[in-house]
Amino acid sequence: MITETRSNGLLFYQSDLLTISHAMFSRHGGKSRGLFSSLNCSHNVGDDPASVTGNRELMRKTVGAQTLQAVTQVHGSGVLMVKSADQITEAEQRDAMVTDVTGIGLLIQQADCQAVLLHDPVKGVIGAVHSGWRGSVANIINGTIKCMQQNYGVRPSDITAVISPSLGPCCGEFVNYRAELPPDFLSFQTTKNHFDFQAISRMQLINAGVSANRIDTVTRCTVCNEDFFSYRRAVRRGEGQTGRNGSIIVLP
């Protein structure tokens with residue numbers, strides 16, 4: 001079950017399946033202005049750096065993390081193991097992080113892409129995945145779970161997973177899908193050119209060994225719901241740029 005929460009001006013979503021601190025934030029309640037109004041969490045989109053730092057601090061306090069770690073997301077399949085709070089991660093070009101260190105909040109930045117939050121309560125390991133359509137094609141979800149298996153002894157059946165607000169089937173238009181998407185995605189085609197990428201991620205989680213009853217999805221489309229930053233919506237309006245929504249998971 002997904003819960004919508006408003007606290008100190010911030011609007012965010014949580015899943016009852018995850019028993020540790022996490023939040024998938026909307027765009028509201030931050031310090032940024034203009035096209036980045038107001039809880040933009042990305043330093044790489046042209047926003048005022050002090051505003052972004054302030055926004056991240058608001059999110060950090062909300063989830064109770066001692067520190068936040070993020071990476072430079074490049075729509076690839078790389079996974080970073082975060083081994084300490086002092087590790088400099090944002091210079092790393094990766095799209096997923098995993099850790100067994102308490103107090104570290106793993107931050108995913110997205111504007112239509114998915115954040116997939118993972119937790120293994122048995123081994124005490126978390127993961128956070130940035131998965132756009134290219135990440136889906138590369139199956140970064142499977143790669144992240146394999147990293148958790150190989151390096152921390154995680155069993156996929158012990159993992160709980162939550163898929164954040166993201167591009168919904170209503171707005172998931174891919175005109176060039178024959179060139180861009182693999183054949184096994186065709187079963188998730190909802191209309192002539194539209195695809196359900198939230199369902200694709202659910203399939204990839206199940207195929208990686210996660211139990212279906214341990215997967216939750218926030219079925220909010222970031223394109224048609226203006227509570228969220230949306231790159232596709234910004235392009236349609238000719239705005240050129242937009243902020244990034246933040247999703248965080250942290251070990252207590």
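The values are calculated or read from the model by the stated rules, or taken from the named source; none is laboratory data. Keep in mind that what you see is a predicted model, and the values were worked out from it rather than measured. For neighbour counting, all protein chains shown are included, and Cβ atoms are generated from backbone atoms with ideal geometry for every residue, glycine included.
Given the condition of a type in the set (A, V, I, L, M), over 21 Å from Phe12 (Cα atoms) and in contact with a strand residue (DSSP E or B) (Cβ under 8 Å, 6 or more places away or on another chain), answer yes or no: does some residue in segment 206-229 qualify? It would help to see each step written out before you state the result.
First, pick out the residues of segment 206-229 that are of a type in the set (A, V, I, L, M): 206, 208, 210, 212, 215, 218, 223.
In the following step, the residues that additionally are over 21 Å from Phe12 (Cα atoms) were identified as 206, 208, 210, 212.
Applying the additional criterion that residues be in contact with a strand residue (DSSP E or B) (Cβ under 8 Å, 6 or more places away or on another chain) yields 206, 210.
Looking for residues that are of a type in the set (A, V, I, L, M), over 21 Å from Phe12 (Cα atoms) and in contact with a strand residue (DSSP E or B) (Cβ under 8 Å, 6 or more places away or on another chain), one finds at least one in segment 206-229, hence yes.
If we keep just the residues of segment 230-239 that are in a loop (DSSP other than H, G, I, E, B) and either touching a strand residue (DSSP E or B) at 6+ places or on another chain (Cβ under 7 Å) or touching a residue at least 12 places away in the same chain (Cβ under 8 Å) (or both), which is nearest to Ala111 (Cα to Cα)? Step through it out loud before you land on a result.
First, pick out the residues of segment 230-239 that are in a loop (DSSP other than H, G, I, E, B): 230, 237-239.
Now narrow it down to the ones that are either touching a strand residue (DSSP E or B) at 6+ places or on another chain (Cβ under 7 Å) or touching a residue at least 12 places away in the same chain (Cβ under 8 Å) (or both): 230, 239.
Working: Ser230: 5, Glu239: 14 Å.
Looking at the filtered set, the residue picked out is Ser230.
Does segment 232-252 hold any residues that are at pLDDT below 95 and either under 21 Å from Gln14 (Cβ atoms) or surrounded by 19 or more Cβ atoms within 10 Å (Cβ to Cβ) (or both), and which are they?
Result: Pro252, single match.
Report every pair of residues separated by at least 6 positions or lying on different chains whose Cβ atoms are under 9 Å apart, first residue within segment 31-51 and under 17 Å from Ala70 (Cβ atoms), second modelled with pLDDT of 95 or more and among the acidic types (Asp, Glu).
Matching pairs, first to second residue: Ser32/Asp47; Ser32/Asp48; Phe36/Asp47; Phe36/Asp48; Asn40/Asp47.
List the residue pairs whose Cβ atoms are under 6 Å apart, where the first residue sits in segment 196-222 and is within 14 Å of Leu181 (Cβ to Cβ), the second is in a loop (DSSP other than H, G, I, E, B), and the two are 6 or more positions apart or on different chains.
From residues that are within 14 Å of Leu181 (Cβ to Cβ), the pairs are Asp196/Pro169; Asp196/Thr190; Phe197/Leu167; Phe197/Gly172; Gln204/Asn139.
Provide a single number: the residues in segment 2-29 that are modelled with pLDDT of 95 or more, farther than 21 Å from Gln66 by Cβ, not in a strand (DSSP E or B) and not basic (Lys, Arg).
The qualifying residues number 5.
Since Glu90 meets every condition but one in (1) within 29 Å of Asp227 (Cβ to Cβ); (2) surrounded by 16 or more Cβ atoms within 10 Å (Cβ to Cβ); (3) acidic (Asp, Glu), which condition does it not meet?
Of (1) within 29 Å of Asp227 (Cβ to Cβ); (2) surrounded by 16 or more Cβ atoms within 10 Å (Cβ to Cβ); (3) acidic (Asp, Glu), only one is false for Glu90: (2).
Please work out which one of (1) closer than 21 Å to Met24 by Cβ; (2) part of a loop (DSSP other than H, G, I, E, B) is the condition Gly209 fails and give its number.
Unmet condition: (1).
Hey, Phe25 hits all of (1) under 19 Å from Ser164 (Cα atoms); (2) exposed (fewer than 14 other Cβ atoms within 10 Å of the Cβ) but one; which does it fall short on?
Here Phe25 clears every test but (2).
Those residues that are polar (S, T, N, Q), touching a strand residue (DSSP E or B) at 6+ places or on another chain (Cβ under 9 Å) and in contact (Cβ under 8 Å) with a residue 12 or more places away in the chain, I need them from segment 142-195; list them, please. If you could, list the steps in order and put the result at the bottom.
Filtering segment 142-195 for residues polar (S, T, N, Q) gives 142, 144, 149-151, 157, 160, 164, 166, 176, 187, 189-191, 193.
Pick out the ones that are also touching a strand residue (DSSP E or B) at 6+ places or on another chain (Cβ under 9 Å) and you get 144, 151, 160, 164, 166, 189, 191, 193.
The answer is Thr144, Asn151, Thr160, Ser164, Ser166, Gln189, Asn193.
In segment 211-225, what count of residues is obtained for those that are over 18 Å from Ser131 (Cα atoms) and surrounded by 12 or more Cβ atoms within 10 Å (Cβ to Cβ)? Spell out how you get there, then give the answer.
First pass over segment 211-225, keeping only residues over 18 Å from Ser131 (Cα atoms): 211-214, 224-225.
Filter once more, so that each one left must be surrounded by 12 or more Cβ atoms within 10 Å (Cβ to Cβ): 211, 214, 224-225.
Residues that pass the stated criteria total 4.
Return the total of residues in segment 93-131 being outside any strand (DSSP E or B), over 16 Å from the mean Cα position of the chain (by Cα) and buried (at least 18 other Cβ atoms within 10 Å of the Cβ).
Residues meeting the conditions: 2.
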